[in-house]
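A short worksheet on the structure shown next.
The values are calculated or read from the model by the stated rules, or taken from the named source; none is laboratory data. Please read all numbers here as calculations on a predicted model, not as lab measurements. Counting neighbours? That spans all protein chains shown, and the Cβs are built from the backbone with ideal geometry, glycine included. Calculation scope for accessible area: heavy atoms of the full protein, side chains included, ligands and nucleic acids excluded. Shrake-Rupley method; radii C 1.70, N 1.55, O 1.52, S 1.80 Å.
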Amino acid sequence: QVQLVESGGGLVQAGGSLRLSCAASGRTLSIYAMGWFRQAPGKEREFVVASTWSDRTTNYADSVKGRFTISRDKNTVSLQMNSLKPEDTAVYYCAAKKTDYGLTTLEYNYNYWGQGTQVTVSS
């Protein structure tokens with residue numbers, strides 16, 4: 001099994017920055033990719049960014065490209081969020097994908113999930 005523990009959420013003004021962290025433990029060698037998803041009030045959960053565990057190939061949603069950056073240092077995956085907008089307000093989830101097949105943009109292809117952390121961007 002893989003356990004994911006998130007931290008770093010909070011309240012920030014528009015234009016500000018936050019860094020989210022996701023600490024992975026357990027059978028981390030079974031991880032093919034890590035992803036971040038978010039769910040805004042009244043909205044479906046949406047893809048934010050994904051990165052393969054081994055070679056760190058990345059894939060960003062158009063809505064965050066150029067503003068958000070995913071990175072991994074050992075077993076900790078981080079999401080640096082800059083130039084935040086009110087529309088970025090959501091619960092952010094870290095997720096781990098075991099298989100190398102299936103789109104990394106689809107939440108149902110992920111096997112393990114963090115508890116979620118609230119990010120609120122005020123205007």
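Summary of computed values
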{"read-out": "Distance in nm between pseudo-label sites at GLN115 and ARG67 (7 Å out along the Cβ direction from Cα)", "value": "2.7"}
{"read-out": "Karplus-derived 3J(HN,Hα), 6.51/-1.76/1.60, for each residue of the range 97-108, Hz, glycine and proline x", "value": "10, 8, 8, 8, 10, x, 5, 6, 7, 9, 5, 6"}
{"read-out": "Surface per residue (accessible, 1.4 Å probe) for the chain, Å²", "value": "53"}
{"read-out": "Whole-Hz couplings from phi, Karplus 6.51/-1.76/1.60, listed for the range 41-58; x for Gly and Pro", "value": "x, x, 10, 6, 5, 10, 5, 10, 7, 9, 8, 5, 5, 7, 9, 6, 5, 10"}
{"read-out": "GLU46-ARG27 pseudo-label distance in nm [points 7 Å out on the Cα-to-Cβ vector]", "value": "3.4"}
{"read-out": "Accessible-area composition of the chain, carbon plus sulfur, in percent [1.4 Å probe]", "value": "47"}
{"read-out": "Cα-centre dipole for the chain with unit charges at Cβ (Lys and Arg positive, Asp and Glu negative), debye to 20", "value": "200"}
{"read-out": "Cα centroid separation - the range 69-107 against the range 1-51, whole Å", "value": "4"}
{"read-out": "Lysine pairs with alpha-carbon atoms under 24 Å apart, the chain, spacing 8 or more or separate chains", "value": "8"}
